1. Condition first: more than 23 Å from residue 58 (Cβ to Cβ), of a type in the set (S, T, N, Q) and open to solvent by 40 Å² or more (accessible area, probe 1.4 Å). Now tell me which residues in region 75-127 satisfy that.
2. Name the one entry in 234, 207 that is at negative phi, among the hydroxyl-bearing types (Ser, Thr, Tyr), open to solvent by 70 Å² or more (accessible area, probe 1.4 Å) and at pLDDT below 90.
3. State the number of residues belonging to region 71-107 that are of a type outside the set (S, T, N, Q), in a helix (DSSP H, G or I) and closer than 21 Å to residue 158 by Cβ.
4. From 168, 200, 212, grab the single residue that is surrounded by 13 or more Cβ atoms within 10 Å (Cβ to Cβ), touching a residue at least 12 places away in the same chain (Cβ under 8 Å) and of a type outside the set (A, V, I, L, M).
5. Identify the single condition in (1) among the acidic types (Asp, Glu); (2) open to solvent by 70 Å² or more (accessible area, probe 1.4 Å); (3) closer than 13 Å to residue 255 by Cβ that residue 152 does not satisfy, given that it satisfies every other one.
6. Just for region 237-261: of the residues that are part of a loop (DSSP other than H, G, I, E, B) and open to solvent by 90 Å² or more (accessible area, probe 1.4 Å), which one is nearest to residue 189 (Cα to Cα)?
7. Within region 130-145, restricting attention to residues that are open to solvent by 30 Å² or more (accessible area, probe 1.4 Å), within 16 Å of residue 89 (Cβ to Cβ) and not basic (Lys, Arg), which residue is nearest to the chain's Cα centre (by Cα)?
8. Given the conditions (1) in contact (Cβ under 8 Å) with a residue 24 or more places away in the chain; (2) not in a helix (DSSP H, G or I), report the number of the one that residue 176 does not fulfil.
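The values are calculated or read from the model by the stated rules, or taken from the named source; none is laboratory data. Computed from a predicted structure; not experimentally measured. Counting neighbours? That spans all protein chains shown, and the Cβs are built from the backbone with ideal geometry, glycine included. Heads up: the accessible areas ignore ligands, DNA and RNA and are worked out on the full protein's heavy atoms, side chains in. Shrake-Rupley method; radii C 1.70, N 1.55, O 1.52, S 1.80 Å.
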Amino acid sequence: MDTNTALLASPKENIDPRTLDDEACVALAQAASADIARLEAVRFRAIAQLSRHRDGASSVVQEVAFALSVVDGHAGALVSTAEALTTRLPRTLSLMDLGLVSGAGAAKVAAATTWLSDDNARAVDALLEDRLEGRNTEQIRKAASHAAGIVDKEGAARRTEHHRAGRRLTLRQGEAGVASIEVEDGPVEKVAAAFVRIDREARALKTGGETRTLDQLRADVALDLLLGGQGGRTERSEVFLYMDLATYLGLNEDPAELAGHGHIPASL
């Protein structure tokens, strides 16, 4: 056993990273992350049991928020994820026990399956069991959403229609002369196309003498377009959609993939 391995075999809280080489520092960070995932699994079980003691009362969210010093929104996500993991997603919870999936990753699975029936959620849980290890939270979100769409294709289409019906424009006032405007829950194909157009116009303006960053240019182009300006030099935009031939011909309902976004229901 080399020195680094021997060090990592000891309690991690007693290890001084300053004594480790680069490879051992990475290994220590990975080992600590696995331990954190296991502890998060314990926390989820404790929160779920608390909810059962309270018969699922809504006050559990405030109780968790107070006990863990988190805001209500975060506490609500913890409670809903805990309940899902301990009832509908046992395999994902087991992956946390093994240190293979983080609490944030498990929350993505819970959120992606919240609209499914218990049986369908368990089916997604089984599909994902061998697909979550080593993936980041965004990859897990996409994988879980895709699996949910495969398991309940009709439900996915209804859910998409429901969310699109809630589209809205919001304005948030900031400090020091700034504010933000956002289109929420807009049709993904239109939002993606709008971003591609804005990005294209911004890049066309990024010449040698331009001092603004690309982010600043995108913001300026978007506001210019909203206020009736041209925004840049062109008017066209495009998005890329990938699907199998049978879906294109309407012979099945497998999800398609919108580049840069992920899977969308075949109905779109």
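1. 94, 102, 120, listed by residue number.
2. Working: 234 fails: open to solvent by 70 Å² or more (accessible area, probe 1.4 Å).
Residue meeting the stated conditions: 207.
3. 1
4. Values: 168 fails: surrounded by 13 or more Cβ atoms within 10 Å (Cβ to Cβ); 212 fails: touching a residue at least 12 places away in the same chain (Cβ under 8 Å).
One residue alone meets the criteria, 200.
5. (2)
6. The qualifying residue nearest to residue 189 (Cα to Cα) is 240.
7. Taking the candidates together, the pick is 137.
8. Among (1) in contact (Cβ under 8 Å) with a residue 24 or more places away in the chain; (2) not in a helix (DSSP H, G or I), residue 176 violates only (1).
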